[in-house]
Amino acid sequence: MNNKGQIFLKHFSYNTLSTLVAMLIQVLTILVVAKQIETETFGYWQLYIFYASYIGLFHFGWCDGLYLNFGGFKLKDLPRKWIKNNFIKYTIVETSLSFFFFASSFFYLEGPLKLVGISYAITLFLTNIRNYLFSMMQATNQMDLFAQTNLIDRLVYLVFIIGLLTTHHTQLIWLLSVDMIARFISLMYAIYQTRQKLSRISEVVNETVAPQGRVILKSGLQLLFSNLAGGLLIGIVRLMIKSGYNIETFGIVSLVISVSNLVIFFINGVSVVVFPFLKTLKTSDLADIYVPLKRIFTLLTALLLVGYFPLYGIIYIWLPNYRIALPILNVLYPLFLFEGQLSLLATSYLKAYREEKGLFMVNTAMLFVVSLVSYVSVFFFHSLSLTFGTLLMVYMLRLWLCEYLLKNHLTTNPFRVNGWQTMMLMVYLLMSVVPNKWLGLLGYIFLLGLSLPYLKREMQQTWQRLKEVSHEAV
């Protein structure tokens, strides 16, 4: 394998390991905290986490535009003077927004919601400043620094959470404070490391590659709204559950969503390596390897579905107060696997081919469908199973529509891989409703094993093509 392939594998492996560790920390934190605190407090804590997941909306595409325009650059080739001036403007905007949310929460909210709002305002500033640095790291393939910063954030958070639980400081204000402290420490680390790396580079940098501000915002806004529309597919459902049920129900459902969503956290953490790498490939190679990569991720999806069965058992035994959410876990879990496959592969390709507009249209159309169906199922039928079952079908359809956008760019039809994936999803859904989960697990593994001859042949073809591309790449 050539040097480019070796660098990609190094970054991919490093980022995968650090993201896996961060994901396990997050799972442990959610499960332990849910066991120790009241369901109402847990609900408000989950509400803060839910709102915090949409903080990226308030960089207005600034970070996404940087990521798109500088993807594939080396750190030494960045227009440093432009980056510095742009960062100052960005910081002023984020500071103003943070102050606005802080003041609004302080004067207009009451009780736990005031605390959630003030914490959100502080978190907005810390997170979005860090997101600017993350965009630079990802675009210039500084994946070691990106992974280290993320890992430090979660490790600090875990240490503080353990401290709170052992000293019985489980009030909402403490839970929110330690999250903000962890984000602050990781931000300081990112700033220090970025300054150190830039200080080692010669001052002679080509400033002519600096794009105009409106170009950054235009391209970034398209991707931002596309990501927002995609993220709101599950977000709009959670907002309707918050309105149609009480905060305790919101917290219980959010627990299942959060644990399942960690699959996305893991896959998104890995996917940041893919886009900068794709930008360095020749167009012919880029078109050739989509289907081989899709085969790998389709197999990964089928294997990860096994995780539903132990997850069901953990929640059933460890958190009996949250068992009422278990009937929706079997459709929530694969939902996030489809989302992960979209984020890791299809979206990375659409960004590489600059199809942000098409991605936005697909996500917006699906958001309209989900909003309509969720409103009917929550407020008329009062059925969470119907809500999330429909959502699973929408996620599948969204993946296929995005692949339709890619069809003309690729040398091989990606849809022929979907048949096996759909079949295994049906097998999984059938086995997941078996009352005895051990029998369901064994049945799914057995039927997955029957596909081994097919999978072996497909993986051999995939590996051969990827080796050819790694040797052909310049």
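Listed values, structure above:
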quantity: Cβ crowding within 10 Å averaged over residues, with 432-441, 149-158 ranked highest first; calculated: 149-158, 432-441
quantity: Alpha carbon centroid spacing (whole Å) that separates the stretch 284-344 from the stretch 363-381; calculated: 22
quantity: Cα gyration tensor, the stretch 59-124 - rounded (a/c under 1.5), prolate or oblate; calculated: prolate
quantity: Peptides ranked, highest mean first, by Cβ atoms within 10 Å: ranges 382-394, 95-107; calculated: 382-394, 95-107
quantity: Pairs of alpha carbons in the stretch 54-182 whose separation is greater than 25 Å (percent); calculated: 37
quantity: Largest-first principal axis extents, alpha carbons of the stretch 295-376, Å; calculated: 47, 37, 15
quantity: Cα Rg, Dmax (largest Cα-Cα span) when computed across the stretch 124-164, Å; calculated: 12.1, 38
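Each reported figure results from applying straightforward, stated rules to the coordinates on display, with no laboratory input. Keep in mind that what you see is a predicted model, and the values were worked out from it rather than measured. No Cβ is skipped: glycine too gets one built from the backbone with ideal geometry, and neighbour counts run over all protein chains shown.
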